[in-house]
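First comes the structure, then the notes that go with it.
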Amino acid sequence: MVAATDRRGPTRSPPGSGSDPWRRELAEVYRSHADFVRRSAGHLGTPRHAIDDVVHDVFIIAHRRLPDFDQARGSVRAWLFGITKRVALHHRRSAARHQRRLRVVTPPRDPPHPDEALARQRVVQHIEAFLDQLPPAKRTVFALADIEGMPAVEVARSLGINVNTVYARLRSARQAFAQCLDALNARTPEEVDDGRS
Amino acid sequence: MDGPDARARATLRAYRQAKSAPATQADALWDRIESSLDEGVEDPCLEELPAAGRRSAGVLVAAAAVVVAVGAVAGLGGLRLGSVESSAAAGGLAPDVSAFRAAIQSSRSRAPKRNPVRESDESGPDPASVPSPQTPERSRSDAPPRIPSGPARSRRSGAEAPRGVSEPASDSEDALQAEMSLIGRARRALHGGRADRALTLLRAHAEAFADGQMREDRQALRIEALCAVGKGPQARAEAAAFARRFPRSAHAARVSELCPRR
């Protein structure tokens, strides 16, 4: 066993020297959950251009807190989600301060895509529009439960709410999502493209 | 409570796949994370504060960590936000790597089934059900090979997947893995236009593994990096020394052609 203070002692080990037993563990966590963290950052309102930064910061913090992780209190994903919430909030506040000093530039239009990629993009845009119009509380529950596949009990623990509240929000969000899917299937590709301009 | 219907599940699965980062982006981000760890970045959200603010904020974070830890006991979440201060106050928590590995194994066994290349979910999650803890563990061959690695990283199957956490590692295997990691990162840094960064990583390798198994790789890469930063005479001098020291090296021919005199 390595004492916590050994890892954070004043004598820093050479970079990547292999003496950090947590680096490999972090690699495993990254491999298994980086996409979950990335999507969670998006669901928590992180601007697209900052998502990589949020993911980076989450895993830096995770590395520092690995020794304190307690499996009895929840899953690795729930633990990472908690860190992601804090980091995403930090970035949103930074972005808000930054935006007040910047002129907002209109992003360029996406170049034309092959049909398959275009169809996939339609789905993504439609779902993102659906998520954007959901109240944040419902959006987070829906994202964790139905997009990320977290059990309701785990969602409740991650968000610090009652599991019945999770079910109620989820039921409402799913009804809205079903209507969203009806709308998606009803629209033609031309109607969708017109909606993008 | 019933889960989402099949149409919703399929659509959300496609969305989840589309929102996953491409392998190259994931690899590049992992490189960036490792670089930050090497440079000693611990809490990026705190790093933006000036030094005095960081010190006082550090005290506040430690205090907040204790408060949150108490809150965690009340069942707020799966977090126990320890800190050096709170850990010391608790009598010095000894981090148990093996316990954390078990937690990762457990989370992987409960995660939706994924193919080896991408985090795609063929079966789709069923959020209405509690995943069974009895789900069989994935074999190592199922491991998504997305952790960045150089050509020399894996010596076994050729897959890029790092060692599975369930496999016991000998000291020499640990050392070689560490060497491969450093050399691979230095190579990527050099080929990514960051020769200075490559030299830093190679210096670290030389300090930690002076006579390591990859010392020839280190030296060859160092010569290439010296040339890239404009230190041609030094690169050529070290290339000549390399040829004398390692005349039968697999790198000998390449090293002799690096950094020709203009």
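The values are calculated or read from the model by the stated rules, or taken from the named source; none is laboratory data. Just so it is clear, the structure is predicted and the values come from calculations on it, not from any experiment. So basically every Cβ, Gly included, is an ideal-geometry build from the backbone, and we count neighbours across all protein chains shown. For the accessible areas, the whole protein counts, side chains as well, though only heavy atoms, and no ligand, DNA or RNA atoms are used. Shrake-Rupley method; radii C 1.70, N 1.55, O 1.52, S 1.80 Å.
Here are some notes:
- Residue count for region A:111-125 under the criterion of being under 22 Å from the mean Cα position of the chain (by Cα) and at pLDDT below 80: the result is 1.
- If you go through region A:50-94 and pick out every residue that is touching a Gly at 6+ places or on another chain (Cβ under 9 Å), within 7 Å of chain B (Cβ to nearest Cβ) and not charged (D, E, K, R), you end up with 9.
- Residue within region A:115-126 that is closer than 18 Å to A:PHE81 by Cβ and more than 8 Å from chain B (Cβ to nearest Cβ) present: no
- B:ARG218 vs. criteria surrounded by fewer than 20 Cβ atoms within 10 Å (Cβ to Cβ) and either closer than 21 Å to B:TRP30 by Cβ or out of contact with any Lys or Arg (no Cβ under 8 Å at 6 or more places or on another chain) (or both): no
- Verdict on B:ARG197 being buried (at least 16 other Cβ atoms within 10 Å of the Cβ), at pLDDT below 90 and of a type in the set (D, E, K, R): yes
- Residues within region B:201-213 that are open to solvent by 10 Å² or more (accessible area, probe 1.4 Å) and either touching a residue at least 60 places away in the same chain (Cβ under 8 Å) or under 21 Å from A:TRP22 (Cα atoms) (or both), tallied: 3
Rundown of residues vs (1) of a type in the set (Asp, Glu); (2) modelled with pLDDT under 70; (3) surrounded by fewer than 16 Cβ atoms within 10 Å (Cβ to Cβ), yes/no style:
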position	(1), (2), (3)
A:SER94	no, no, yes
A:PRO107	no, yes, yes
A:ILE147	no, no, no
A:MET150	no, no, no
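- Condition met for A:ARG39 (more than 30 Å from A:PRO135 (Cα to Cα) and at the interface with chain B (Cβ under 7 Å from one of its Cβ atoms)): no
- Where a residue in region B:229-244 is within 18 Å of B:HIS191 (Cα to Cα) and its partner, wherever it lies, is among the small types (Gly, Ala, Ser), with Cβ under 7 Å and at least six apart: B:VAL229/B:ALA195
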